């Protein structure tokens, strides 16, 4: 498992690279790799821009049925999200972004978990399984 | 999962009579496999399981139990691949109880421990059954994917024009595959026109329409233009009734119309010879 | 920080992106293109993303912005060579890159620009 800091644009690039390595290890198809890395990029950016910086944890996991997958967790100690439902609807905007980050990223992965509270930071965990 | 909760003498006893118990267990299992696996292989498998079992009984830690479970899962999957029924696999596991019972039947101080041991083995045997089901489901899922592959051809109608005749329901797995194949073909053939024929798609509801839209949008991002054809009268009525907007996506009634349209877009004209 | 080179051929500016795009690089590209458009009076921009494996919403927005900036200088932008996996991902993200045209490759992109001009 790799834990990476997210403090700059360079770090976002690094998260992408690590995600790619993990996806290749798992044998994800090219399209699935692209989706996972793009989702990781979106979420890493969110952590940087909205969360004031944080960390990413990338690991290869195995399902009950023996399928392998890539699990990535993002954590920050930022302001947190007050209305989770709103944040997950398309077109939600906060700050200067288009706001498609969360809902879009969710569509790109198989499992998506978002835990956030105002004042308690944000945690996002996503998993993409190989087929 | 029932844990073997005793610090009793069973584990030591089983270890002391290792060869006898494993030998007897192997005998019973070999009878059950009826030649499908060699006796040596069976013995080898059971040796592994037996030592893991003993470790669980003496150490009682999660790690040992985890390893035992993993070993049983692998056994179950391997048996499934070789055509064994789940009952056969489970019975193979259960037969260790017979082997142990034969050993301890006359040893009174172990009788009470035997019950706990028996329960643990029951759980383990049932687990192989569950793993078998899960493995079968995975096989079915894999076969569905293969079938999907076979039923999604992308054909070249003309220079720069490809067609995708869709037959069957259009769900998200199918759409994914169609998109991938279509886009790859557009890029590899350098085609800017695609015709998607939905004559063979039984129902077009909002979900299907969204899938079609995604495909058209993805092609557009590449710089290609999609025409949808084969919309049957009932389907047309459903689309309008549901209020589905195809927006600026070109739609034609027949494949012929769509081909003519694509040819025009490509700057081509068909003239009599 | 790497800089993406801009090549002028005729009335078109060609940009071929070969590297994993960092944020700074993309922003710099926007500036450089704006400068070049003013300096050369080019009427078209072709951005070749054949080598780009990942286009997230940030980069997607930047590409759309490049389209808008170019239009202010009366130039059209065509994105060429998008990979199928990227197109599928962008569609899933809900990004349509409206405001820029697309073509399968640079040759077709050029034909498109000439058709418009």
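A few notes on this one:
- Over 28 Å [Cα-Cα, the protein assembly as shown], rounded percent: 66
- Separation of the residue B:140 and residue A:88 label points, Cα + 7 Å toward Cβ, nm: 2.8
- Between the beta carbons of residue A:29 and residue B:9, assuming R0 = 45 Å, the FRET efficiency works out to 0.25 to the nearest 0.05.
- Using alpha-carbon coordinates, inclination of helix B:86-104 to the longest axis of chain B, degrees: 10
- With a Förster radius of 41 Å applied to the C-beta separation of residue B:85 and residue B:203, the computed FRET efficiency comes to 0.60.
- Relative contact order %, region A:2-129, counting alpha carbon pairs below 8 Å whose residues are six or more apart: 26
- Antiparallel %, DSSP beta bridges [both residues in chain B], to 5: 20
- Calculated FRET value between residue B:156 and residue B:48, using beta carbons and R₀ = 60 Å, to 0.05: 0.65
- If both residues of a DSSP beta bridge must be in region B:155-265, then about 20% of such bridges are antiparallel.
- In degrees, nearest ten, helix B:62-81 long axis to first principal axis of chain B (Cα): 60
- Modelled spin labels at residue C:111 and residue B:112, positioned 7 Å past Cα toward Cβ, are 8.9 nm from each other.
- Ranking of A:129, B:25, B:158 by count of other Cβ atoms within 10 Å, fewest first: B:158, A:129, B:25
- Taking the number of Cβ atoms within 10 Å of each Cβ as an exposure proxy, the fewest-first ranking of B:102, B:41, A:85 is A:85, B:41, B:102.
- Inter-centroid distance (Cα atoms) of region B:196-232 relative to region C:18-66, Å: 31
- Annotation for residue B:70 and residue C:9: the two label points, set 7 Å from Cα along the Cα-Cβ direction, are 5.6 nm apart.
- In terms of surrounding Cβ atoms within a 10 Å radius of their Cβ, C:49, B:140 rank from fewest to most as B:140, C:49.
Where a number appears in this text, it was derived from the coordinates with a stated rule and is not lab data. Since this is a predicted model, take the numbers as computed values, not measurements. Note that each Cβ is placed from the backbone with ideal geometry, even for glycine, and that neighbours are counted across all protein chains shown.
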